[in-house]
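What follows is a single structure, written as C-alpha cells, with notes after it.
The values are calculated or read from the model by the stated rules, or taken from the named source; none is laboratory data. Predicted model only: the values in this text are computed from it and were never measured. Heads up, the Cβs are rebuilt from the backbone with ideal geometry, glycines too, and the neighbour counts pull from every protein chain shown.
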Amino acid sequence: MATPEGKEQTLRVGEYDVTVVQGGSGQPVLVLHEELGDPGWLQWHSELARSRTLIIPQHPGFGKTPQIKWLRNVRDLACFYARLLREQGMAPIDVVGFSLGGWIAAEMAVNDPKQFRHMVLVGATGIKPPEGEIADMFTVTARAYLNSSVYDQKATPEFAALYGGAQTPEQFEAWEDARAETARIAWQPYMYNPSLPQLLEGVRGLPTLLIWGRQDRIVPLSAGELYHKSIAGSELMVLDRCGHRPEIEKRPEFCERLQRFLA
Amino acid sequence: MHVMTFSERPYFHVREDDIISNQNSYFGLANMGDTGFDPAKGHQLYHEYFDERIYAEELGFDGVMLNEHHQTPFCMGSVMDVEAAVLARITKRVKIVLLGNPLPVADPLRLAEELAMIDVISGGRLVPGWVRGAGSESIANNANPAFNRERFNEAHDFVIKAWTTPGPWRYEGEHYHYRFVNPWILPMQKPHPPIWIPGIVSPETVVWCAEHRYPYVALCTNIEPTIEMVNLYADVAERMGYQAGPENFGYLQTIACAETEEKAQQLGRGFVYGGGFGSFARPEWMFPPGYNSKAATKRLAKAMTDPRTGAEIIRFSEGEVDVEQVKASINSQYQSSQEQGLIIVGTPKTCIEKLRNLMEALRPGILGLWYHHGPMSYEDRRTSLRLLGQEVLPAIREIAKELGLPGPFEQTPGTRPLPASGKHDPVVGLSA
C-alpha cells in the first residue's frame, strides 16, 4: 500500500475560504496546527492516515487561508471552527491539537464538548502554567523558537529534514505571516486565557488525552498537569527526553498511544 | 529654513564591549540589566542636556528636537513629554519639536492632554510629531505590533479630534474607547499645533504625510532613497492638489563639529559607538510580528535570507558575537558612513561645505543637526554647539536664502498652488 499523502482543497465556511490539507482513509480526525503554521505532511500523518482520514485546516491568516479581520482572539477562532464542523456536517469528530491548535481545541470543547468524540492536546498553550512560563515566540526569531522546541535535535532527524538548511524567502514569509496572525489573536495575555482552567470544568464526558514532553521548553509540563486536573477523566501521557514536539521526537510512542486512544 | 539641534540624550556610561556582547544591541542590555543605570549620573546628564538646549536657544537655533525610546541607554527620553515640559518652562523662544511620540504605544487621550499642556506652558511653541515607533517600542510597551499601523492611524485621528471638537463626547473606536472626552486644557496654537512626521523612508508613511500635508523629516537616511521619497511626496501632493516645496521636507543630519579635523574625527566615532543606530535593537525586535506591511515583509524575506545581507544579521541574533570582529566592522562603518555623507565630520568650514551639498541635493526646509552621540564630555558638547551656532548656522541661513528653502513657519506646508498645467514642478535636482 502506498504511503498516503495530504492533498490541498478549499472548504467554504460562510463567505470565507479555508485551505484544508486532507489525506488518508477511514474515520476523520481534525488536526489543528501550531503557532508557526501547518508544518507540512509529517511522518506521523502518514502513519495515522493508513486507518484515518486527516483533515488539517490552515488557520485563517496562516498558510494559504486568507486572514479574517474580525477574528481577534482564540475564542473567536474556536467559534469559527465550530461553524466549519457544523456546516460541513463533520461533528462529532476526533480532534488532535498541537500547541496553539491545542488551545483552540480546548476552547471549542469548553463551548460545546459534544463537537468532539475524542480530544487530544499536545503541548497545548491556553493555560498560564502554575510553574514556569510559556516561551515567548515574539522576542526570538522563528528559527530560534523552533530550535528550543525539541529536546535533542541530533536524535530527531525529522526535525532537521523539516527545518534544517538555508532558509528560503518563502519559508521566512510564511513564518512571519504565522507570527503576525498569532500576535493578532494571542499577544496579551501571551498564549493563554486566564479563565480557561475554570471553564474546563464544563468539559464533561469527552475522552481527553494530554500528551506532553517532560522537557517541554515552550509550554512547561505544569500547564499539562493543570489541564489534567481541570478536565474530568482526562489522561496525561508524559514522555521522557522529549520537548514540545512529541509527534516528531517520540513518533512511535506518540502514534501507538494516539491510535489506541482514538480506536 | 528651520534649523534645530538634536541628540538622543544617551546614557553613555555603558562600555562598548557590553553593548556588542549583548547581541550587538543597546535595547534591553540582557547581560547587565538596568542595574547598570546610576541615578546620580543620570541626574547630571539630564541637567547637562537641558542646559545644552538653553544654550542652543541662546546661539540662535530655531528649534530643539527631542525623541523617545524605551528601556534603553541609547536615549534617556523614555517619556519625552517630561523633558518637553521642562523645556517649555526653561526656554523662551525656540520651538520644541517632538519627533516623535510613538502613537501606537500611547494612550491617545492622555497624549492629547500632555501635548496641550506643553503647548500652553511654552506659549504655543510646540511642534508635535508622531511615529509608529521602532519595532522594539512595541515590545518595550507591550503594544500589539500586529495593530501598529491601525493604532497609529486611529490615535492620530483621535488626538486631532480631541483638540478640535468641543467636548464632552463619547468615543467608541476600534482600538481605543473613552466614555468621556473633554480634555479642557487645549493647545494654544489653533486649530492645533503644526505636526511634522519623522521617518526612515517608508513609502507608506511618506504617502500618508503628503495626504495630510504634514512635513516629512527623514532621519539620517541614505540620500538616494530620500530623494525618491521626496519625489513620491510631491506626486501625492499633486494628486491632493498642491505643490510640495522645501517647507514639506526635513532632514536630520549627524554632525561632529570641532576646532580641528582630528578632534572632530575623535568625536564622530561616538555616532557608531556600539554599532550606532544599526545596533539599536536585535533585528527580531526591530521587526516584531505584524509590524510590517505585507509588501515590507516580502522585501524583508528577501533581505534576511540573502547570504550577502542576511547572514550577518541572523548570526548576531543567534548568539555568536566576536567583540573584536564587530569593533572592526564598526570602525569601517564609521569610514563608509562619512564617505556616504551619513555622518558629517570636521571643522565648521568642512561641515558647511558638506551641508551645502546636502541642501542642494535634498532642498529641505527643516534641518536637524544631531551633534552628539556616545561618550563625549560636556565641554566638547558645548564647543560643538558653539561652533555650529556661531559659524555653521549663519552659513546655513545664507545657503538657504540663496537656494530658496523656506521652512514651514515661513511658508505654510500644503498651501503652495500647483502650476497651471496641474503637474507639479520638480522639488529636487534644481541646482547643478
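In table form, for the structure just shown:
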{"read-out": "Pick from the stretch A:116-144, criterion away from every other protein chain (no Cβ under 14 Å) and among the basic types (Lys, Arg), ranking: farthest from residue B:135 (Cα to Cα)", "value": "A:117"}
{"read-out": "Conditions (1) more than 14 Å from chain A (Cβ to nearest Cβ); (2) at pLDDT 95 or above; number of the one not met by residue B:145", "value": "(1)"}
{"read-out": "Subset tally (residues that are crowded, with 24+ Cβ neighbours inside 10 Å and not in a loop (DSSP other than H, G, I, E, B)) for the stretch A:32-44", "value": "1"}
{"read-out": "The stretch B:77-91 - residue that is under 16 Å from the mean Cα position of the chain (by Cα) and among the small types (Gly, Ala, Ser) and, of those, farthest from residue B:53 (Cα to Cα)", "value": "B:78"}
{"read-out": "Selected residue (criterion: surrounded by the most Cβ atoms within 10 Å (Cβ to Cβ)) from residues of the stretch B:292-308 that are more than 8 Å from every other protein chain (Cβ to nearest Cβ) and not in a helix (DSSP H, G or I)", "value": "B:293"}
{"read-out": "Exclusive hit being at pLDDT 95 or above, over 17 Å from the mean Cα position of the chain (by Cα) and among the small types (Gly, Ala, Ser), set B:63, B:42", "value": "B:42"}
{"read-out": "Odd one out for residue B:421 among (1) over 30 Å from residue B:282 (Cα atoms); (2) outside any helix (DSSP H, G or I); (3) touching a residue at least 24 places away in the same chain (Cβ under 8 Å)", "value": "(3)"}
{"read-out": "Tally, over the stretch A:165-193, of residues that are closer than 16 Å to residue A:105 by Cα and of a type outside the set (Phe, Trp, Tyr)", "value": "5"}
{"read-out": "Among residues of the stretch A:48-104, those that are of a type in the set (A, V, I, L, M, F, W, C), crowded, with 19+ Cβ neighbours inside 10 Å and assigned to a loop (DSSP other than H, G, I, E, B), counted", "value": "3"}
{"read-out": "Residue check for residue B:243: crowded, with 24+ Cβ neighbours inside 10 Å, outside any helix (DSSP H, G or I), in contact (Cβ under 8 Å) with a residue 60 or more places away in the chain and in contact with a helix residue (DSSP H, G or I) (Cβ under 8 Å, 6 or more places away or on another chain)", "value": "no"}
{"read-out": "Residue match in the stretch B:120-138 (condition: farther than 30 Å from residue A:73 by Cβ and touching a His at 6+ places or on another chain (Cβ under 8 Å))", "value": "no"}
{"read-out": "Criterion (of a type outside the set (Gly, Ala, Ser) and farther than 29 Å from residue B:273 by Cβ) met by exactly one of B:118, B:96, B:90", "value": "B:118"}
{"read-out": "Residue in the stretch B:363-375 that is at positive phi and at pLDDT below 95 present", "value": "yes"}
{"read-out": "Total residues in the stretch A:155-211, condition within 14 Å of chain B (Cβ to nearest Cβ), out of contact with any Leu (no Cβ under 8 Å at 6 or more places or on another chain), in a helix (DSSP H, G or I) and of a type outside the set (D, E, K, R)", "value": "5"}
{"read-out": "Residues that are closer than 28 Å to residue A:65 by Cβ, of a type in the set (Ser, Thr, Tyr) and surrounded by fewer than 24 Cβ atoms within 10 Å (Cβ to Cβ), drawn from the stretch A:170-223", "value": "A:190, A:192, A:195"}
{"read-out": "Residue within the stretch B:177-185 that is of a type outside the set (Val, Ile, Thr), surrounded by 22 or more Cβ atoms within 10 Å (Cβ to Cβ) and at pLDDT 95 or above present", "value": "no"}
{"read-out": "All positions within the stretch A:105-138 that are surrounded by fewer than 22 Cβ atoms within 10 Å (Cβ to Cβ) and at positive phi", "value": "A:132"}
{"read-out": "Leading residue by the ranking (farthest from residue A:35 (Cα to Cα)) among those in the stretch A:224-245 that are small (Gly, Ala, Ser) and crowded, with 24+ Cβ neighbours inside 10 Å", "value": "A:224"}
{"read-out": "Selection from the stretch B:149-163 of residues that are crowded, with 24+ Cβ neighbours inside 10 Å and within 14 Å of another protein chain (Cβ to nearest Cβ)", "value": "B:151"}
{"read-out": "Meets criteria (of a type in the set (A, V, I, L, M), more than 14 Å from chain B (Cβ to nearest Cβ) and in contact with a Lys or Arg (Cβ under 7 Å, 6 or more places away or on another chain)) for residue A:226", "value": "no"}
{"read-out": "Hits in the stretch B:206-224 (condition: surrounded by fewer than 19 Cβ atoms within 10 Å (Cβ to Cβ) and assigned to a helix (DSSP H, G or I))", "value": "B:207, B:211, B:212, B:223, B:224"}
{"read-out": "Breaking point among (1) assigned to a loop (DSSP other than H, G, I, E, B); (2) within 18 Å of the chain's Cα centre (by Cα); (3) not β-branched (Val, Ile, Thr), for residue A:151", "value": "(2)"}
{"read-out": "Count - residues of the stretch B:347-389 that are under 25 Å from residue B:44 (Cβ atoms) and part of a helix (DSSP H, G or I)", "value": "12"}
{"read-out": "Matching residues in the stretch B:390-418 - criterion: being assigned to a loop (DSSP other than H, G, I, E, B) and either charged (D, E, K, R) or under 21 Å from residue B:207 (Cα atoms) (or both)", "value": "B:407, B:408, B:410, B:411, B:412, B:413, B:414, B:415, B:416, B:417, B:418"}
{"read-out": "Any hit, the stretch B:274-291, residues being touching a His at 6+ places or on another chain (Cβ under 7 Å) and crowded, with 24+ Cβ neighbours inside 10 Å", "value": "no"}
